[in-house]
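S.K.: Provided herewith is a single structure, encoded as structure tokens, for subsequent inquiry.
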Amino acid sequence: MHATGELGVTQANHYDAIVVGGGASGVVAAARMAAAGRRVLLLEAGTRFGGCIQSWRPSTDFWLELGAHTAYNSYGPLLRALTDSGGADALLRREKLGYRFLHTDGGLQSPLARLGWIEAAVSMPFGLRRPKAGRDVADWFGRLLGPGNYRRLLAPAFAAVLSQPADRFPAEWLFRRKPRVKSAPRKFTYPGGLQALLERIVRGAGFEARLDTAVTAIERRSGGFHVRADGQTWTCAQLLLALPVDAAARLLRASWPELASRLEQFVMVEIPAVGVVVQAKRTSLPPVAGLIGADDLFWSVVTRDPVPHPDLRGFTFHFRPDAGDAAACRARIAAVLGVAEADFLHVHATINRLPALDTRHPPLAAEISAMLDGQPLALVGNYLNGLSIGDCAERAEREVQRLLAL
Ligand SMILES: Cc1cc2nc3c(=O)[nH]c(=O)nc-3n(C[C@H](O)[C@H](O)[C@H](O)COP(=O)(O)OP(=O)(O)OC[C@H]3O[C@@H](n4cnc5c(N)ncnc54)[C@H](O)[C@@H]3O)c2cc1C
């Protein structure tokens, strides 16, 4: 039995910290907070943990990534959270397979075949010395390898990585060096996919978590916060918002208008994705980690080939916003795989959302961090430090350390 106070809040509903959002940022933040002995509650609006990490399971022994697909052993905070949960032994190595450019006539081309070596050799000594801060990808990488190489090779390859045009993306937030955890495979996933890795952390890392719980309001109160969803209220001393930037802005608007107005300067893009599973014998496409669509309906195709299955192959097409309707997308998928649409064993369509970042955003993120200094509120997510899971996990761990030190 717990004492009931204001608005039906009981001691049972009070936490040291509440994390709102159950993607990679939120799960890592909750795990690191719980590892420090704090009582933590994670609230996720959806029916699964993962957010941009979505491992579709069309049959009991097959999964396909519809969002993020690869984690690296430079993702130390993610691996530490997994270790806290007791799940680090199950990491699954991804086989070494390359990406290929796909021509609209169906021909495959190695990325290196697009590299002009002389242009690269002439540009690189000058390009390498230029600082990345304040420069966009087109500027920095265009000078690094030369404008021809940038146009032919890097622009489409980076757009495939980001699932959106890469030119204006901040150079300092693309491919940052991080220390490697040597005991983990260089590139890995998890049995059941990356979503299963996050689910393992949620099960084992010692915090409470709820699905189907969309937070609708947060209020600043003396000594902490009130967090509301579905007619329920929880209280906490410290609050971490691990949300897409537009959702974070909406929740902050009433209590932190000055922070919300900074977050409203970010824009989100939608990326339609279609996952398809076929019998392996039906398609003659050679094993590849993925395809880069230079002038195609899609930015990239990501395959399950680095984690091969004896009978099935899976492909996720990340389409451009103007790719056309579902019929056009299915027809292009069939043409790329060289199969009939009747050969699709399973098909699943979804929409991924990411922030469209540019050089205005690193200084804005620094301003946001300065505003949070000394506050029991933390913002974590893929708009503050870079898009990758590793960037998100790094920000989450850093913000947890800041809150623990208050
Ligand atoms: C197609 C694609 C491919 C990618 N590939 C890779 C890759 O291979 N490797 C890599 O490192 N990175 C990759 N990324 C980037 C990376 O996956 C994401 O940037 C990262 O996972 C974002 O995590 P997050 O927790 O910050 O945000 P999200 O994943 O967006 O999670 C936010 C969560 O908040 C929840 N939420 C929203 N509103 C509420 C509310 N009101 N109350 C409660 N919960 C709420 C959402 O349901 C969601 O689960 C990829 C991204 C995409 C889209």
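S.K.: Tell me, which strands (runs of 3 or more DSSP E) wholly within the stretch 155-257 include 3 or more residues that are under 30 Å from L364 (Cα atoms) and in contact (Cβ under 8 Å) with a residue 12 or more places away in the chain?
M.R.: Fully inside the stretch 155-257 and qualifying: 217-221, 224-229, 232-241.
S.K.: Could you tell me which numbered condition R32 fails, if it satisfies all but one of (1) more than 23 Å from V245 (Cα to Cα); (2) assigned by TED's automatic domain parsing to the domain that holds R80?
M.R.: Of (1) more than 23 Å from V245 (Cα to Cα); (2) assigned by TED's automatic domain parsing to the domain that holds R80, only one is false for R32: (1).
S.K.: In the set D305, D295, which member is in contact (Cβ under 8 Å) with a residue 40 or more places away in the chain, farther than 21 Å from A68 by Cβ and away from the ligand (no atom under 14 Å from the Cβ)? Steps first, answer last, please.
M.R.: Values: D305 fails: farther than 21 Å from A68 by Cβ.
Checking each option against the conditions leaves just D295.
S.K.: Now for a separate question. Return the only residue of E95, E119 being outside any loop (DSSP other than H, G, I, E, B) and more than 12 Å from the ligand (Cβ to nearest atom).
M.R.: E119
S.K.: Please find, among A342, A327, A335, the residue that is of a type in the set (G, A, S), assigned to a helix (DSSP H, G or I), farther than 30 Å from A247 by Cβ and in contact (Cβ under 8 Å) with a residue 40 or more places away in the chain.
M.R.: Only one candidate passes the filter, namely A335.
S.K.: Now a separate question. Pairs please, first residue from the stretch 387-406 and touching a residue at least 40 places away in the same chain (Cβ under 8 Å) and within 13 Å of the ligand (Cβ to nearest atom), second anywhere and small (G, A, S) and in a helix (DSSP H, G or I), Cβ atoms under 6 Å, 6+ apart in sequence or on different chains.
M.R.: Correct list of pairs: I389/A24; C392/A24; C392/S25; A396/S25; A396/A29.
S.K.: Would you confirm whether or not the stretch 304-322 contains a residue that is over 25 Å from G192 (Cα atoms) and either of a type outside the set (D, E) or surrounded by 13 or more Cβ atoms within 10 Å (Cβ to Cβ) (or both)?
M.R.: Scanning the stretch 304-322 turns up at least one residue that is over 25 Å from G192 (Cα atoms) and either of a type outside the set (D, E) or surrounded by 13 or more Cβ atoms within 10 Å (Cβ to Cβ) (or both).
S.K.: Go over the candidates A334, A365, A326 one by one and state the one that is surrounded by 15 or more Cβ atoms within 10 Å (Cβ to Cβ) and closer than 26 Å to A294 by Cβ.
M.R.: Numbers: A365 fails: closer than 26 Å to A294 by Cβ; A326 fails: surrounded by 15 or more Cβ atoms within 10 Å (Cβ to Cβ).
A334 is the lone residue from the list that is surrounded by 15 or more Cβ atoms within 10 Å (Cβ to Cβ) and closer than 26 Å to A294 by Cβ.
S.K.: Of all residues in the stretch 349-406, count the ones that are outside any helix (DSSP H, G or I) and small (G, A, S).
M.R.: The qualifying residues number 8.
Residues are listed down the side, and each one gets a yes or a no for (1) β-branched (V, I, T); (2) farther than 25 Å from A160 by Cα; (3) modelled with pLDDT of 95 or more:
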{"residue": "L7", "(1), (2), (3)": "no, yes, no"}
{"residue": "V19", "(1), (2), (3)": "yes, yes, yes"}
{"residue": "A24", "(1), (2), (3)": "no, no, yes"}
{"residue": "V28", "(1), (2), (3)": "yes, yes, yes"}
{"residue": "A36", "(1), (2), (3)": "no, yes, yes"}
{"residue": "G50", "(1), (2), (3)": "no, no, yes"}
{"residue": "Q54", "(1), (2), (3)": "no, no, yes"}
{"residue": "F62", "(1), (2), (3)": "no, no, yes"}
{"residue": "T70", "(1), (2), (3)": "yes, no, yes"}
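S.K.: If you don't mind, there's one more thing I want to ask. Only one of (1) within 13 Å of the ligand (Cβ to nearest atom); (2) within 30 Å of H309 (Cβ to Cβ) fails for I18. Which number is that?
M.R.: So I18 meets the others, but not (2).
S.K.: Name the residue that is farthest from the chain's Cα centre (by Cα), counting only residues in the stretch 75-117 that are of a type in the set (G, A, S) and farther than 30 Å from P147 by Cα.
M.R.: G86
S.K.: Looking only at the stretch 228-248, decide whether some residue is modelled with pLDDT under 95, buried (at least 20 other Cβ atoms within 10 Å of the Cβ) and more than 11 Å from the ligand (Cβ to nearest atom).
M.R.: There is no residue in the stretch 228-248 that is modelled with pLDDT under 95, buried (at least 20 other Cβ atoms within 10 Å of the Cβ) and more than 11 Å from the ligand (Cβ to nearest atom).
S.K.: Assigned to a helix (DSSP H, G or I), within 14 Å of the ligand (Cβ to nearest atom) and in contact (Cβ under 8 Å) with a residue 12 or more places away in the chain - does that describe any residue in the stretch 263-284?
M.R.: yes
S.K.: Now, a different point. Being at negative phi, charged (D, E, K, R) and in contact with a Gly (Cβ under 7 Å, 6 or more places away or on another chain) narrows it down to one of R135, R152, R143, so name that one.
M.R.: Every option except R143 fails the conditions.
S.K.: Failed condition for I201, given (1) buried (at least 21 other Cβ atoms within 10 Å of the Cβ); (2) touching a strand residue (DSSP E or B) at 6+ places or on another chain (Cβ under 9 Å), with all others met?
M.R.: Only one criterion in (1) buried (at least 21 other Cβ atoms within 10 Å of the Cβ); (2) touching a strand residue (DSSP E or B) at 6+ places or on another chain (Cβ under 9 Å) is unmet by I201, namely (2).
S.K.: Would you point out which residue out of G37, G86, G76, G67 is touching a Cys at 6+ places or on another chain (Cβ under 6 Å) and not hydroxyl-bearing (S, T, Y)? Break it down stepwise before answering.
M.R.: Details: G37 fails: touching a Cys at 6+ places or on another chain (Cβ under 6 Å); G86 fails: touching a Cys at 6+ places or on another chain (Cβ under 6 Å); G76 fails: touching a Cys at 6+ places or on another chain (Cβ under 6 Å).
The match here is G67.
S.K.: Answer yes or no as to whether D139 is of a type in the set (D, E, K, R), under 23 Å from D391 (Cα atoms) and away from the ligand (no atom under 16 Å from the Cβ).
M.R.: Judged against the criteria, D139 is a match.
S.K.: Got a number for residues in the stretch 33-54 being among the charged types (D, E, K, R) and within 9 Å of the ligand (Cβ to nearest atom)?
M.R.: Going through the stretch 33-54 one residue at a time, the tally reaches 2.
S.K.: Same structure, new question: Anything in the stretch 374-385 that is modelled with pLDDT of 95 or more and within 12 Å of the ligand (Cβ to nearest atom)? List them, or say none.
M.R.: Within the stretch 374-385, L379, V380, G381, N382, Y383, L384 qualify.
S.K.: Another question, then. Could we say that A12 is surrounded by fewer than 24 Cβ atoms within 10 Å (Cβ to Cβ), without any contact (Cβ under 8 Å) to a residue 12 or more places away in the chain and away from the ligand (no atom under 12 Å from the Cβ) here?
M.R.: Yes, satisfied.
The values are calculated or read from the model by the stated rules, or taken from the named source; none is laboratory data. None of the values given here were measured: they were computed from a predicted structure. When we count neighbours, we look across all protein chains shown, and the Cβ atoms used for this are built from the backbone with ideal geometry, even at glycine.
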